[in-house]
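Quick notes on the structure that follows.
The values are calculated or read from the model by the stated rules, or taken from the named source; none is laboratory data. Since the structure is predicted, the reported quantities are computational estimates derived from the model, not experimental observations. Cβ sites come from the backbone with ideal geometry, for glycine too, and all protein chains shown count toward neighbours.
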Amino acid sequence: PLMNYDSSPIAAIATAPGRGGIGVVRLSGKHLDPVMQALCGTRELKPRYATYLPFLNADGSAIDQGLAIYFKAPHSYTGEDVLELQGHGGPVVMQMLLARCIEAGQEIGLRLAQPGEFTHRAFLNDKLDLAQAEAVADLIEASTEAAAKSASQSLSGVFSKTIHDLVEQVVHLRMLVEATLDFPEEEIDFLEKSDARGQLKRIREKLAEIFGQAAQGALLREGLNVVLAGQPNVGKSSLLNALAGSDVAIVTPIAGTTRDKVTETIQMEGIPLNIIDTAGIRHAGDEVERIGIERTWGEVSKADVILHLLDASRGPTRADEDIVERLPANVPVLRIWNKIDLSGHKPALDRSSDGTHIYLSAAEGTGMELLRTELLRVAGWQQTGESRFLARERHLLALKAAANHLEMADEFANADNGQTNDQALDLLAEELRLAQERLNSITGEFTSDDLLGVIFSRFCIGK
Ligand code: GDP
Ligand code: ZN
């Protein structure tokens, strides 16, 4: 990608805020040697070697002792010259080190990095494609082991290569169709011989397969949005604990989404479940809270599934009817009859005309397997050992759009009405071109600056 960017050298603390064994200040850009001289006392650090030295203040005293590592362009993360100063990981010493770098870098225009700016530069310098750059953020944000694994796979380029291979097949077919247009008298024969329709069919099948793998990965990334509804004491907290099982890890939500205390994320078999507990959104004290409540109800209406908990030992009450009335009609509801140890029901899953009912005991854990399986079914989760791509909504939309163009292409390819089909071939070629464009947008060829801005601004600073 050839784009202009503000190429002044940048610096940031690359490690997480807070205290740690080590902390890293990272610099990237051209002509870093004045900073190297000021901080490390030399302009001649050997690239890719760690040198232990004092990081110097303006008066020659040491801010800290640590390792300096220099990476010479293009052999660095960003593709520019990079200097990493690894010191002790305290917030104050890191700030002092960063401030000293900025001071010493005044003459070269060194400034603080924007969020994601290092990775943005890596993308612009062709060190990573866009899907890989997104995978960097996804790996950092991964909230489960499974999510981390597939992010790492995307980062290594498996997803990008799969897309790339598919694009090549589309390009090949396009060339064939366009060549045919240039030799009208042999049209039909030519396409028949080259099995153009067969090629298109295989491309569409492959795309469907990739979409399936990406959708699974998207689930790992975004998780399943679950609403928990029910009267006080019906066992909502107990059900959460039982669902989380031994993975009681409460994980942090995806950056960029704002969540408040009524939502928490647990994981079930590696899939994040984002739980909204409606019990937490009943009373509005003031205006601020009312706005929060409204927003939460907005989230409820976009949830994937609602778990309505009922007490099996008491049966439904008027209060339960009120709850049902408030729930959005468009979200599927599972009726969970809890406390069957008290009521004497057997664990069961019933699909009846008024919806799915599950009988279980959160306290004793009986019937929980039925709920887990049902949740996985709702999520469309497949228990395959196949690779998953940690895809984003953006990728799914692009794959879907490409699939639609290929479907159109298929129609034109089969528009055999006995007349000259020049026009159909023209349209076929155009649909193939559009499909190619959509696929390319995944890896970032032909991506608008606006989209890039949105993607990279979601990164943390220092990445
Ligand atoms: P919440 O207010 O809906 O979150 O309900 P809790 O999870 O806090 O549970 C309320 C009470 O019901 C607690 O005393 C739990 O121990 C009890 N409880 C929850 N689930 C069960 C169950 O399956 N069987 C029995 N016997 N008690 C349960
Ligand atoms: Zn509770």
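Annotations
- Among the candidates GLU369, GLU374, GLU407, GLU364, residue that is at pLDDT 90 or above, within 16 Å of ligand 1 (Cβ to nearest atom), charged (D, E, K, R) and in a helix (DSSP H, G or I): GLU369
- Residues satisfying the stated conditions in the stretch 299-316, i.e. away from ligand 2 (no atom under 16 Å from the Cβ) and among the hydrophobic types (A, V, I, L, M, F, W, C): VAL300, ALA303, VAL305, ILE306, ALA312
- Residues located in the stretch 327-345, provided they are surrounded by 11 or more Cβ atoms within 10 Å (Cβ to Cβ) and under 37 Å from the mean Cα position of the chain (by Cα): LEU327, PRO328, VAL331, PRO332, VAL333, LEU334, ARG335, ILE336, TRP337, ASN338
- Figure legend. Inter-residue proximity from the stretch 359-370: first residues in contact (Cβ under 8 Å) with a residue 60 or more places away in the chain, second residues within 16 Å of ligand 2 (Cβ to nearest atom) and of a type outside the set (D, E, K, R), beta-carbon distance below 6 Å, spacing 6+ or different chains. Indicated pairs: ALA362/GLY235; ALA362/SER238; ALA362/LEU239; ALA362/ALA242; ALA362/ASN338; ALA363/SER238; GLY365/ALA242; MET368/ALA242.
- Of the residues making up the stretch 251-266, those that are under 24 Å from VAL234 (Cβ atoms) and either within 19 Å of the chain's Cα centre (by Cα) or modelled with pLDDT of 55 or more (or both) are ARG259, VAL262, THR263, GLU264, THR265, ILE266.
- Residue match in the stretch 317-330 (condition: within 14 Å of ligand 1 (Cβ to nearest atom), at pLDDT 75 or above and within 16 Å of ASN225 (Cβ to Cβ)): no
- Residue satisfying condition, being away from ligand 1 (no atom under 16 Å from the Cβ), on the phi < 0 side of the Ramachandran plot and modelled with pLDDT under 85, within set GLU185, GLU269: GLU185
- In the stretch 272-284, the count of residues that are away from ligand 2 (no atom under 16 Å from the Cβ), modelled with pLDDT under 80, loosely packed, with under 15 Cβ neighbours inside 10 Å and small (Gly, Ala, Ser) is one or more.
- Residues that are crowded, with 20+ Cβ neighbours inside 10 Å and either under 28 Å from the mean Cα position of the chain (by Cα) or more than 10 Å from ligand 2 (Cβ to nearest atom) (or both), drawn from the stretch 226-238: VAL226, VAL227, LEU228, ALA229
- Among the conditions (1) acidic (Asp, Glu); (2) in contact with a strand residue (DSSP E or B) (Cβ under 6 Å, 6 or more places away or on another chain); (3) outside any strand (DSSP E or B), the only one that ASP138 does not satisfy is (2).
- Any hit, the stretch 214-224, residues being part of a strand (DSSP E or B) and either among the aliphatic types (A, V, I, L, M) or touching a residue at least 40 places away in the same chain (Cβ under 8 Å) (or both): yes
- Some residue of the stretch 32-47 being out of contact with any His (no Cβ under 6 Å at 6 or more places or on another chain), within 19 Å of ARG121 (Cα to Cα) and outside any strand (DSSP E or B): yes
- Residue check, LEU85 assigned to a helix (DSSP H, G or I), in contact (Cβ under 8 Å) with a residue 40 or more places away in the chain, touching a Cys at 6+ places or on another chain (Cβ under 8 Å) and not polar (S, T, N, Q): no
Table: residues versus (1) touching a helix residue (DSSP H, G or I) at 6+ places or on another chain (Cβ under 8 Å); (2) loosely packed, with under 13 Cβ neighbours inside 10 Å.
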| position | (1), (2) |
| --- | --- |
| PHE55 | yes, no |
| ALA58 | yes, yes |
| ALA62 | no, yes |
| GLY66 | no, no |
| LYS72 | no, no |
| TYR77 | yes, no |
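- Taking the criterion of being charged (D, E, K, R) and more than 15 Å from CYS101 (Cα to Cα), the residues of the stretch 31-73 that qualify are GLU44, LYS46, ARG48, LYS72.
- Near pairs, Cβ below 6 angstrom, 6+ apart or cross-chain, from the stretch 230-242 (of a type outside the set (Lys, Arg)) to any residue that is within 6 Å of ligand 1 (Cβ to nearest atom) and part of a loop (DSSP other than H, G, I, E, B): GLY235/ALA362; SER238/ALA362; SER238/ALA363; LEU239/ALA362; ALA242/ALA362
- Among the residues making up the stretch 335-349, those that are within 20 Å of ILE323 (Cβ to Cβ) and assigned to a strand (DSSP E or B) are ARG335, ILE336, TRP337, ASN338.
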